[in-house]
Amino acid sequence: MPAADPEAALKRNAITEVKTIYAELAAQPIERSCSLRTECCQFRLTGKTPHLTRGEALIAAKALRASGRKSQPESSDGACPMLDPFSSRCLIYKDRPFGCRTHFCAAAGGPYARKDVLHLIHRLLEIDERLGGDGAHPIGDALSDALRTCH
Ligand code: SF4
């Protein structure tokens, strides 16, 4: 029997925990309605970029690979690299990061109040620390790092 790989197990557990956090967020009684307008994905226009903890980045990297891509797409127009320029859809929508779920555009109901999601942010940061991270990083950097280390 092959020897257990503790790092792989750590990553697997982190992914499960972060997905649980996403599910708990979705179950919160805060009404928001994302209608895939993708305005919030235009970073140059919004001046805001989602920051990902390591667990979130692992999930995003796996989702990107599952879409058939080996590397992060280039973005030349200031949009999120996960926004497909052909379909204008997020390549990883089902597995999009926490920030994309909580910093909704005004049309979707506005951002979540920090106090309503702080307990979940703390858990994401705990998982990040367990994975050797130093906090959340902008999506491009976080994803590059995860793609390098996650196979
Ligand atoms: S990850 Fe997806 S939902 Fe989030 S900003 Fe990028 S394209 Fe938009």
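Listed values, structure above:
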quantity	calculated
Label point 7 Å beyond Cα of residue 42 along Cβ direction - residues of region 87-104 with amide nitrogen under 16 Å	87-90
Solvent-accessible area, 1.4 Å probe, carbon plus sulfur percent, for the chain	55 percent
Heavy-atom accessible area order for 46, 53, largest first, 1.4 Å probe	46, 53
Formal net charge of residues neighbouring residue 114 (Cβ-Cβ distance under 15 Å; K, R +1; D, E -1)	+4
Nitroxide proxy distance, nm - points 7 Å out along Cα→Cβ at residue 144 and residue 17	2.7 nm
Built amide H within the under 5 Å cut-off of residue 89, gap 5+	84
Reach of residue 11 by Cα under 15 Å, taken over aspartates and glutamates that are not fewer than 8 positions away in the same chain	56, 126, 128, 129, 145
Given charges at beta-carbon only (K, R positive; D, E negative), |dipole| of region 47-151 in Debye	320 debye
Table column - 3J(HN,Hα) (Hz), region 131-145, Karplus curve with 6.51, -1.76, 1.60, x for Gly and Pro	8, x, x, 10, x, 6, 10, x, 3, x, 5, 4, 6, 4, 4
Residue-averaged 222 nm ellipticity for the chain, from DSSP H runs of 4+ at -39500 (n - 2.57), nearest 500	-15000 deg cm²/dmol
Protection proxy ranking of 81-94, 21-34 - average other beta-carbon atoms within 10 Å, highest first	81-94, 21-34
For the chain: Kirkwood Rh in Å [reciprocal of mean 1/r, alpha carbons]	16.0 Å
Euclidean distance between Cα centres, region 79-145 to region 1-42, Å	9 Å
Under 13 Å from the residue 88 label point (7 Å along Cα→beta-carbon), backbone N, region 36-70	36-42
Percent RCO, i.e. relative contact order, over region 1-130, from Cα pairs under 8 Å lying at least 6 residues apart	31 percent
Radius 14 Å from Cβ of residue 26, net charge of other residues (Lys, Arg +1; Asp, Glu -1)	+1
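The values are calculated or read from the model by the stated rules, or taken from the named source; none is laboratory data. Remember, predicted model here, so these are calculated numbers, not experimental data. All Cβ positions, glycine included, derive from the backbone under ideal geometry; neighbour counts span all protein chains shown. Ligands, DNA and RNA are stripped out before the accessible areas are found, and what is left, the full protein with its side chains, is counted by its heavy atoms. Shrake-Rupley method; radii C 1.70, N 1.55, O 1.52, S 1.80 Å.
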